[in-house]
Amino acid sequence: MRIIQPVQGTRYGPWPAVGLRLVLALAWATSAAAAMESSAELQALGYEAIRPGAASISTSSPSSSPPGESASTVTAGGTPIPPRSDWKYKRTKVKRRQQRLNSHSNLPGSTNASHAHHLLNLPPRQRYLKVNQVFESERRMSPAEMQRNHGKIVLLGLFELSTSRGPRPDGLSELGAATMAVEHINRKRLLPGYTLELVTNDTQCDPGVGVDRFFHAIYTQPSTRMVMLLGSACSEVTESLAKVVPYWNIVQVSFGSTSPALSDRREFPYFYRTVAPDSSHNPARIAFIRKFGWGTVTTFSQNEEVHSLAVNNLVTELEAANISCAATITFAATDFKEQLLLLRETDTRIIIGSFSQELAPQILCEAYRLRMFGADYAWILHESMGAPWWPDQRTACSNHELQLAVENLIVVSTHNSIVGNNVSYSGLNNHMFNSQLRKQSAQFHGQDGFGSGYGSRISIAATQSDSRRRRRRGVGGTSGGHLFPEAISQYAPQTYDAVWAIALALRAAEEHWRRNEEQSKLDGFDYTRSDMAWEFLQQMGKLHFLGVSGPVSFSGPDRVGTTAFYQIQRGLLEPVALYYPATDALDFRCPRCRPVKWHSGQVPIAKRVFKLRVATIAPLAFYTIATLSSVGIALAIAFLAFNLHFRKLK
């Protein structure tokens with residue numbers, strides 16, 4: 001029998017043992033973290049880390065290892081790991097590489113030596129390279145690639161050729177306008193010694209897809225550098241892209257995004273657009289309201305940023321213009337009926353609406369049911385919203401009822417053509433541009449659409465016969481026969497002018513560098529050249545030329561554009577007035593403009609006014625009538641008394 005002697009008890013019980021275990025656990029965690037860091041560094045250096053539990057074999061080879069160095073280690077897989085001295089050498093090499101790349105960083109006001117010293121003092125998480133520097137260091141072009149790309153300037157074009165509901169015919173005309181602009185610029189040799197190319201893809205009006213297409217174009221073409229980004233027509237996609245392009249020093253030019261949020265230069269520093277934002281039409285709306293003497297209005301907007309921001313700015317400007325805003329009503333897609341009832345209770349007749357094209361037929365149908373149309377009401381909507389949306393069969397109203405509801409409705413939009421018969425900087429007038437655009441769109445008709453996952457490259461140097469033979473992948477497998485060449489987007493002229501604005505800014509930057517006796521840089525662009533991107537931004541802001549969509553100039557990131565007023569007359573959208581912001585003038589005698597029509601020929605009143613007043617009679621008339629009445633009453637009483645007194649006499 002084995003006898004176990006009891007252990008002499010201690011004063012503190014089992015707590016010292018627990019504390020010892022905690023110390024050992026902490027030490028093990030620290031060593032594991034150090035091992036993980038070393039493993040990550042090994043992976044960054046190109047070596048395979050030893051997996052936990054893997055067997056290792058230590059071998060010594062005097063012939064392969066110089067004196068004074070430790071023997072190498074071989075993992076179970078047979079991959080040799082260099083000795084520790086080699087690790088230190090590689091780490092030093094990587095640090096030197098990081099310092100060399102960071103010395104060319106786009107951070108202003110830092111010299112190479114001071115920046116390298118600052119880098120060593122930064123925390124470990126801040127010592128990493130920027131994504132554009134890593135890209136350029138890992139995918140630096142070879143001399144043969146640089147020679148092959150000499151004289152080429154590549155633009156990335158992101159278009160909405162399809163949406164979640166199917167193909168988008170307007171996107172094809174926008175693509176055709178960009179392709180036509182590329183061909184014209186090359187034909188005129190606007191950039192001497194350079195050829196412009198356009199790499200295109202489809203964003204499907206989805207922000208996630210748009211960002212994915214952007215990185216797809218960058219990483220699948222390592223021998224190409226996208227100098228600028230053209231796109232897009234969907235404000236949500238444009239906002240997502242505008243937040244990404246500054247990290248790659250790419251200037252973005254949109255041709256159809258009208259969200260007022262994009263006007264924030266601090267949020268989107270590398271952004272321009274050739275379409276006027278919704279908020280730029282506010283002075284035109286105020287001038288139109290004053291023209292018809294309306295002193296009270298009501299705003300009715302959807303609770304989305306693209307609609308609410310423009311309305312908020314409008315309310316502020318209305319107050320400054322001494323125009324009363326009786327109510328500012330916002331609604332969701334599910335409660336617009338209740339909000340329309342509230343709008344009717346305010347009893348204001350001039351309604352400024354801002355909502356999506358999908359909700360417009362339903363809102364106007366409900367307005368018809370509430371009798372909020374006709375001679376007593378004037379609706380002013382924010383955009384033409386593409387093709388006519390009022391013959392919509394998805395509402396509870398018939399086409400005739402919707403037609404009555406939208407009759408004489410006012411639409412505020414961007415004017416996208418040249419006033420008169422003037423010729424643009426590219427040599428085209430309105431008729432020439434429309435006819436050539438239809439021919440360009442017809443080239444895409446019958447071909448496959450543009451791929452949802454693959455880009456297409458369009459070269460200015462390519463002839464039209466080459467572009468006819470070029471095949472493009474389908475939009476989700478849909479044949480190009482569903483994309484109608486006759487469907488011309490309202491943003492097609494702005495798309496054409498956007499490509500010309502890019503080319504003119506590039507030419508101005510090239511001329512600026514040559515005047516300063518600097519070497520030509522356009523074909524030497526890479527994603528770390530913030531100085532080149534800054535010069536492109538400066539030259540873009542100085543542009544002023546006549547495009548096919550009218551005069552093109554910029555105020556900040558926004559285009560200074562002419563505002564057009566349209567009115568639905570007999571089911572057709574007819575122009576009625578133009579507003580010129582330079583002169584603050586509202587022109588109702590513009591070419592092809594029709595007179596404004598109202599129900600019963602009278603301008604709707606802004607608000608019914610109830611006044612209480614006391615109706616009085618003139619004193620002379622009052623006393624005269626009172627006297628005559630008194631005499632008549634007295635005579636009547638006298639005759640009655642006479643009759644009663646002599647009633648028994650026959």
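The values are calculated or read from the model by the stated rules, or taken from the named source; none is laboratory data. All of these numbers come straight from a predicted model, not from anything done at the bench. FYI the Cβ positions are ideal-geometry reconstructions off the backbone, even for glycines, and counts take in every protein chain you see.
The set of residues in region 541-572 being of a type in the set (S, T, N, Q) and part of a strand (DSSP E or B) consists of S553, S555, T563, Q567, Q569.
Let's see how each residue does on (1) polar (S, T, N, Q); (2) in the same structural domain as Y377 (by TED's automatic domain parsing); (3) in a loop (DSSP other than H, G, I, E, B); (4) modelled with pLDDT under 90:
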{"site": "S301", "(1), (2), (3), (4)": "yes, yes, no, no"}
{"site": "V306", "(1), (2), (3), (4)": "no, yes, no, yes"}
{"site": "A310", "(1), (2), (3), (4)": "no, yes, no, yes"}
{"site": "V315", "(1), (2), (3), (4)": "no, yes, no, no"}
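Looking at S257, S279, just one residue is within 20 Å of D497 (Cβ to Cβ), under 18 Å from the mean Cα position of the chain (by Cα) and at pLDDT below 95, and that residue is S257. Has region 398-405 got at least one residue that is buried (at least 20 other Cβ atoms within 10 Å of the Cβ), modelled with pLDDT of 90 or more, in the same structural domain as L573 (by TED's automatic domain parsing) and under 22 Å from S173 (Cβ atoms)? Looking through region 398-405, none of the residues is buried (at least 20 other Cβ atoms within 10 Å of the Cβ), modelled with pLDDT of 90 or more, in the same structural domain as L573 (by TED's automatic domain parsing) and under 22 Å from S173 (Cβ atoms). On the stretch given as region 466-525, residues that are under 30 Å from P167 (Cα atoms) and modelled with pLDDT of 90 or more total 13. Name the residue, out of P192, P222, P207, P167, that is more than 22 Å from V548 (Cβ to Cβ) and in contact with a Lys or Arg (Cβ under 7 Å, 6 or more places away or on another chain). None of the other options fit; the residue is P222.
Assigned by TED's automatic domain parsing to the domain that holds Q252, in a helix (DSSP H, G or I) and surrounded by fewer than 13 Cβ atoms within 10 Å (Cβ to Cβ): does that describe G208? Give the derivation first.
On the way: assigned by TED's automatic domain parsing to the domain that holds Q252: yes; in a helix (DSSP H, G or I): yes; surrounded by fewer than 13 Cβ atoms within 10 Å (Cβ to Cβ): yes.
The answer is yes for G208.
When A638, A615 are checked against the criterion of being small (G, A, S), in a loop (DSSP other than H, G, I, E, B) and free of Cβ contacts under 8 Å to residues at least 12 places away in the same chain, A615 stands alone in meeting it.
Residue-by-condition table, conditions (1) in contact (Cβ under 8 Å) with a residue 40 or more places away in the chain; (2) farther than 30 Å from A276 by Cα:
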position: L546; (1), (2): yes, no
position: G550; (1), (2): yes, no
position: F554; (1), (2): yes, no
position: T563; (1), (2): yes, no
position: A577; (1), (2): yes, no
position: H599; (1), (2): yes, yes
position: T624; (1), (2): no, yes
position: A634; (1), (2): no, yes
position: R647; (1), (2): no, yes
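In the list S600, S630, which residue meets the criterion of being under 55 Å from the mean Cα position of the chain (by Cα) and assigned to a helix (DSSP H, G or I)? Criteria check complete, one pass: S600. Suppose the filter is in the same structural domain as A533 (by TED's automatic domain parsing), modelled with pLDDT of 95 or more, under 11 Å from the mean Cα position of the chain (by Cα) and not hydroxyl-bearing (S, T, Y); does A242 pass it? Answer is yes for this residue. Tallying residues that are farther than 23 Å from V548 by Cα, not in a loop (DSSP other than H, G, I, E, B) and not charged (D, E, K, R) within region 239-262 yields 10. Only residues that are over 23 Å from L522 (Cα atoms) and not in a helix (DSSP H, G or I) were counted in region 211-220, giving 0.
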